[in-house]
Amino acid sequence: MIPDATIDEVRQSADIVDIISDYLTLQPSGRNFKALSPFTREKTPSFIVSTDKQIYKCFSTGKGGNVFSFVMEMEKIPFPEAVELVAKRAGLDMKRLFGDSRKKNEEEDSKTRTLRWAARLFHSSLNADKGNEGYAYLAARRGLTAATINSFGLGYAPPGWDTLLKAAKKEGIAHNHLQFLGLITENRQKNSWYDTFRNRVMFPIFSIGGQVVGFGGRTLETRDDTPKYLNSPESPLFEKSKLLYGLHAAKQEIRQSETAILVEGYMDVIALHQAGLQNAVASCGTSLTRHQAKILKRYTKRVLFVYDADPAGRKSMMSGVEILLAENIAPVILLLPPGDDPDSFVQREGREKFLELADTAGLGVVDFQILFHTEAGNFGNHEQKADAIRSIVHTILLVPDPVRRELYLGELSEKTGISLQALHELRNIEQKTTQRDSRPEREEKPDPAAVIPPAEVSILEKTFLKALLDSAAYGNTVLEFAASHETMLVLQSPAAREIFAHLVARYHTLSEDPDARIDVASAISLLESTDARNLAIGLLIEQPVSNRWLEKGDQHEENARRCLAMFLDAFRNLILAPLLLEKEQVTESIRTETETEREIELSKAKIALDRKIRKTATELNTMIASILDRRQP
């Protein structure tokens with residue numbers, strides 16, 4: 001278990017907005033930030049991040065939490081690993097927080113740890129005598145330095161059939177994890193298993209947060225029947241269409257330079273980074289996908305597109321340009337000299353020549369499309385030219401920004417001699433055709449089986465919990481009162497009861513230190529039930545108990561007093577609620593009772609209840625007034 005003090009330190013050191021902005025495009029919204037939900041498809045943002053409280057809430061799915069729960073959701077990792085990942089990204093001293101040998105727990109054999117173990121195994125193999133062939137390939141043939149090799153965690157899988165399998169058995173790595181992650185393959189004829197990656201240079205593939213999620217292996221065999229590249233199989237952890245190779249190392253430079261260099265292969269990325277172009281990423285050997293473009297959009301609106309100059313590379317560029325434009329990203333296309341790829345060019349010419357070529361030879365969208373159709377012979381006669389121009393207009397219409405669309409159409413008119421009026425008419429025809437052929441995109445609804453509505457929580461219980469949660473920011477007065485009167489309260493909702501009991505228990509652990517404060521966001525993350533966590537986050541993300549707080553400048557003492565008053569009012573109502581309900585039931589029984597003696601008994605019970613209610617209300621009002629008087633400045 002990670003100590004609570006360590007968890008609190010990590011959470012307080014990390015800004016949830018900075019962490020979440022690595023995954024989503026956040027837009028300011030008053031005191032908060034908002035974004036499209038990462039958990040479901042939607043057109044209207046319902047994902048809210050609170051800077052003040054360091055929590056998030058997705059109103060489409062009901063999910064909510066703090067920085068740890070978000071990282072757990074996005075990276076598919078358990079809580080201890082999420083704490084370590086956030087600590088690393090916050091720049092904290094990992095050795096001080098977690099020690100050299102972190103305590104093992106039940107998650108030690110998790111799939112992400114297995115991937116990390118495999119990456120270390122491959123890397124150590126590369127640096128051992130058995131990795132000489134792999135090291136020679138990377139250093140001598142591909143020109144990589146030891147620093148670059150270490151930075152990207154490159155490794156080597158030896159030729160043996162069971163090197164990894166034996167090492168995993170020795171380390172106690174679960175066999176089903178190796179199978180699930182594609183690290184071993186079954187030989188069904190022999191009813192045995194063998195290493196999937198053999199005699200290959202290994203490229204660990206990282207998530208945005210720097211977690212190993214899979215591998216790519218480049219063979220050193222010369223046989224034609226051996227695939228050149230072999231990747232980990234698709235899994236919930238490894239979805240190639242949703243990954244950009246090198247983004248974990250490039251994201252900060254992309255933000256600072258406001259440009260991403262998009263290339264095709266692992267070695268292209270590594271060579272560019274080694275040359276000082278550290279904003280390079282790759283589409284993992286596949287054509288660019290819409291999801292990858294959305295990821296790039298979080299960091300920049302400009303992409304330098306550099307694929308191989310062969311026909312296949314240019315065709316992939318055409319498809320990629322359309323995807324980038326649809327995400328409102330401005331692509332600049334760089335066509336390298338024949339026979340070159342980014343790796344070979346930058347190794348030979350260096351960083352400055354690459355940047356110079358990008359400045360002088362980079363093509364805009366219209367120029368690239370005209371060049372593509374010209375080289376394909378699509379401007380040979382009027383019919384072919386008309387079809388080519390229709391294709392270009394169709395691509396331009398993918399741009400969401402109307403001003404950019406108009407600028408592209410004006411450029412196309414100037415460079416093809418087709419009047420702007422004719423292009424506008426063609427645009428109108430294309431738009432009508434698209435509207436007729438397309439169907440309204442339905443927003444993806446959360447799976448009803450996955451989102452079970454929590455038990456109903458009364459307004460009174462919500463008010464009580466809201467005041468209790470908000471009060472923690474101003475000291476322990478409310479929590480102290482709640483803890484001392486815990487037995488008097490009856491909360492109907494299981495989620496409400498769990499939140500209340502958890503906060504009281506947390507208070508008791510701190511009560512010996514009068515200056516200690518509960519970190520509510522961290523406390524909520526430790527709630528056992530999802531319903532309780534989501535309820536607490538939803539209450540915290542709402543406006544303060546009284547909007548008048550903001551009108552008064554959010555003064556600390558005034559806020560604390562108002563929070564206490566609201567809590568005490570809710571506390572009084574919760575105490576009286578069962579008595580008032582009992583009175584209603586007795587009154588209804590009197591109304592329907594037909595036997596005189598029984599009616600007299602019920603009337604006496606009602607009189608006794610009225611006295612008890614008045615007495616309890618008077619005592620509560622006196623106690624509340626006394627507490628509030630003591631809080632007067």
Practice problem: Could you tell me which numbered condition Ala139 fails, if it satisfies all but one of (1) open to solvent by 50 Å² or more (accessible area, probe 1.4 Å); (2) without any contact (Cβ under 8 Å) to a residue 24 or more places away in the chain? | Solution: (1)
Quiz item: Can you name the residue in region 294-322 that is among the β-branched types (Val, Ile, Thr) and buried (at least 20 other Cβ atoms within 10 Å of the Cβ) and is also modelled with the lowest pLDDT among such residues?
Solution: Ile295
Quiz prompt | Boolean, Leu526 is crowded, with 21+ Cβ neighbours inside 10 Å, under 26 Å from Phe47 (Cβ atoms) and either at pLDDT 75 or above or not assigned by the TED database to the domain that holds Leu579 (or both) | solution = no
Exercise. Of the conditions (1) in a strand (DSSP E or B); (2) open to solvent by less than 40 Å² (accessible area, probe 1.4 Å); (3) among the β-branched types (Val, Ile, Thr), Thr185 clears all except one; give me its number.
Key: (2)
Quiz item: Going by the structure shown, is Gly65 open to solvent by 30 Å² or more (accessible area, probe 1.4 Å) and not assigned by the TED database to the domain that holds Gln252?
Solution: no
Quiz item: Within region 87-101, can you find the residues that are open to solvent by 70 Å² or more (accessible area, probe 1.4 Å) and at pLDDT 50 or above?
Solution: Lys88, Asp93, Lys95, Arg96, Asp100
Quiz item: Can you name the residue in region 376-398 that is touching a residue at least 40 places away in the same chain (Cβ under 8 Å) and open to solvent by 40 Å² or more (accessible area, probe 1.4 Å) and, of all such residues, is nearest to the chain's Cα centre (by Cα)?
Solution: Leu398
Quiz item: Across region 278-287, which residue is farthest from Leu324 (Cα to Cα) among those that are at pLDDT 85 or above and open to solvent by 10 Å² or more (accessible area, probe 1.4 Å)?
Solution: Gln278
Practice problem: May I ask you to verify whether Gly210 is within 24 Å of the chain's Cα centre (by Cα), touching a residue at least 60 places away in the same chain (Cβ under 8 Å), in a loop (DSSP other than H, G, I, E, B) and surrounded by 12 or more Cβ atoms within 10 Å (Cβ to Cβ)? | Solution: yes
Quiz prompt | Any pair with Cβ under 8 angstrom, 6 or more apart, that starts in region 50-70 at a residue that is in contact (Cβ under 8 Å) with a residue 24 or more places away in the chain and ends at one that is in a loop (DSSP other than H, G, I, E, B) and basic (Lys, Arg) | solution = Ser50/Arg31; Thr51/Arg31; Lys57/Lys63
Quiz item: If you go through region 461-490, how many residues are over 22 Å from Gln12 (Cβ atoms) and either open to solvent by less than 10 Å² (accessible area, probe 1.4 Å) or touching a strand residue (DSSP E or B) at 6+ places or on another chain (Cβ under 6 Å) (or both)?
Solution: 5
Quiz prompt | In region 219-257, the residues that are open to solvent by 30 Å² or more (accessible area, probe 1.4 Å), basic (Lys, Arg) and touching a residue at least 24 places away in the same chain (Cβ under 8 Å) | solution = Lys240, Lys242, Arg255
Practice problem: Filter region 22-39 down to residues that are in contact with a strand residue (DSSP E or B) (Cβ under 8 Å, 6 or more places away or on another chain) and in contact (Cβ under 8 Å) with a residue 60 or more places away in the chain, then give me how many there are. | Solution: 4
Self-check item: Members of region 47-61 that are open to solvent by 20 Å² or more (accessible area, probe 1.4 Å) and among the small types (Gly, Ala, Ser)
Solution: Ser60
Quiz prompt | Subset of region 145-182 that is open to solvent by less than 60 Å² (accessible area, probe 1.4 Å) and among the β-branched types (Val, Ile, Thr) - its residue that is nearest to Phe122 (Cα to Cα) | solution = Thr163
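The values are calculated or read from the model by the stated rules, or taken from the named source; none is laboratory data. Values in this document were obtained by computation on a predicted structure and should not be read as measured data. In this analysis, Cβ positions are derived from the backbone assuming ideal geometry, glycine residues included, and neighbour counts consider all displayed protein chains. Heavy atoms of the whole protein, side chains included, go into the accessibility calculation; ligands, DNA and RNA do not. Shrake-Rupley method; radii C 1.70, N 1.55, O 1.52, S 1.80 Å.
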